[in-house]
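Read-outs throughout are calculated quantities, based only on the coordinates presented, and are distinct from any laboratory measurement. Being a predicted model, the structure only gives us computed values, none of them experimental. With ideal geometry, Cβ positions are generated from the backbone for all residues, glycine too; neighbour counts draw on all protein chains shown.
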Amino acid sequence: MGFFSGGGWSFPDTIIATLLFVCAVVAIILNVLIIRSNFSKAKITAPTFLFICLATNDLVTALVLPIYVGVKVLEVEEPVKTVEQAKERSHPATTAEKVHGTLVWVVIYTPCFITGLMTVVRYLSKAKPFYIIPISRLAGVLILLTLYQVAVCIAQAVGSEAKWLWEIKVLFNPAIFGLPEWASFVLLAFFAVSIIIVSMFMSIRLVMLLQETTVQTTQQRYSRRVSQKILILNFGSIIFSVPNLCGPFMSRYRHGDDVPLWFYCIPGFVIVSFLPSFLSAFNPIIYVIFSYKGLKNANAITSMIFSKQTRQQNSSGI
């Protein structure tokens, strides 16, 4: 990045790109395993369906965002010393950048929908144990939300003011359909913010239910772990998504050369490009940690390795 380097690679460039590549590798491996594990189950339930959707979204995120941004960070370019120079690096988006930017913005917003629905489904399963939510109805809601987000992101990409912003390495258009910035924000974030508010309320209700429940059997412990897993995934999505909803619009309020260059470049890059990349690896890690089956398999594999080593040592000793 020209912000850090003087015409070539710098140590911060290497650290940022390495973290992005590590997030991509971890996300790709774990999400593929999670998708395969859930598809292999005898019955696909509503939570299983949503876990598959979240893992698929995180997998796509890992493929289109951290690798692309990491390569851009390592590109050799002239150093940037002023805000005006940073603004000059942005340019009208090409067709490839529009397609890439549309996909990136869709996968940035989608986790809000999925984890929000997870929390609602989990709360209903605890509050009304005999109420079963049809997967078809759940899929219909998720498809409608995603289609809306895709339509808005496409409108953002084809707009005349769509630009590839140098500081965030992604396409952005602050005036969708020529509307004011606040209206563009409403179009992009309305359903995401609505789902976040609902999921926060449901999360509080779910925590209260968990506190009232006494854990006695193995099945109850497993059920509690699933609830904890969903709560952490939802809170993680909220924490990382709220800045994403607001971050791109920060650039419109950073006018003039008196604004520090670091303030113009770093917050937007971290919020829009780095945090979603981190979230794509964070979600599957949480899933594995709180998955009883995953932990059981991991322990079995560890025991098998150690027992094999012990047999080899005993045989060599004989």
Extension gain (nm, one decimal) between residue 161 and residue 78, 0.36 nm per residue minus Cα-Cα: 27.3 nm
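What percent does the relative contact order of the range 99-189 come to when contacts are Cα pairs within less than 8 Å and at least six residues apart?
On the way: 68 pairs, mean separation 26.7, N = 91.
Taking the mean separation of contacting Cα pairs over the length of the range 99-189, I get 29 percent.
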Check residue 161: other-chain or 5+ apart residues with amide H under 5 Å from its amide H, H built from backbone geometry? none
What does the charge count near residue 277 come to, summing +1 for each Lys or Arg and -1 for each Asp or Glu among other residues with Cβ under 12 Å from its Cβ? 0
So for each of 48-61, 136-149 I average, over its residues, the number of other beta carbons within 10 Å; can you give me the resulting order with the highest mean first? 48-61, 136-149
Just the C-alpha atoms of the range 74-133: what Rg/Rh do they give, with Rh taken as the Kirkwood radius? 1.36
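Need one word for the range 1-115: rounded, prolate or oblate. Basis is the Cα gyration tensor (sqrt eigenvalues a ≥ b ≥ c); a/c below 1.5 gives rounded, then a/b vs b/c decides. Intermediate values should be presented prior to the final figure.
Working: a/c = 3.65, a/b = 2.15, b/c = 1.70.
Note, shape of the range 1-115 comes out prolate.
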Cα gyration tensor category, rounded, prolate or oblate, for the range 69-181 with a/c compared to 1.5: prolate
Of 112, 129, 76, whose Cα points farthest to the positive end of the dipole of the range 2-151 (charges on the beta-carbon: +1 Lys, Arg; -1 Asp, Glu; origin at the Cα centre)? 129
Between residue 209 and residue 177, with labels modelled 7 Å along Cα→Cβ, what's the label distance in nm to one decimal, could you check? 3.7 nm
Rank by packing, highest mean first: peptides 26-39, 106-119, with packing defined as the count of other Cβ atoms within 10 Å averaged across residues. 106-119, 26-39
What is the local net charge at residue 101, summed over the other residues whose Cβ is closer than 11 Å to its Cβ (Lys, Arg +1; Asp, Glu -1)? +2
Over what distance in Å are the Cα centres of the range 46-98 and the range 131-167 separated? 17 Å
Additional length obtainable on full extension of the chain from residue 130 to residue 71, 0.36 nm per residue less Cα span: 16.2 nm
What residues have an amide H closer than 5 Å to that of residue 170, excluding those fewer than 5 places away on the same chain, when H is modeled at 1.01 Å from N in the peptide plane? 165
Which pairs, out of 169/229; 98/169; 41/229, put more than 24 Å between their alpha-carbon atoms? 169/229
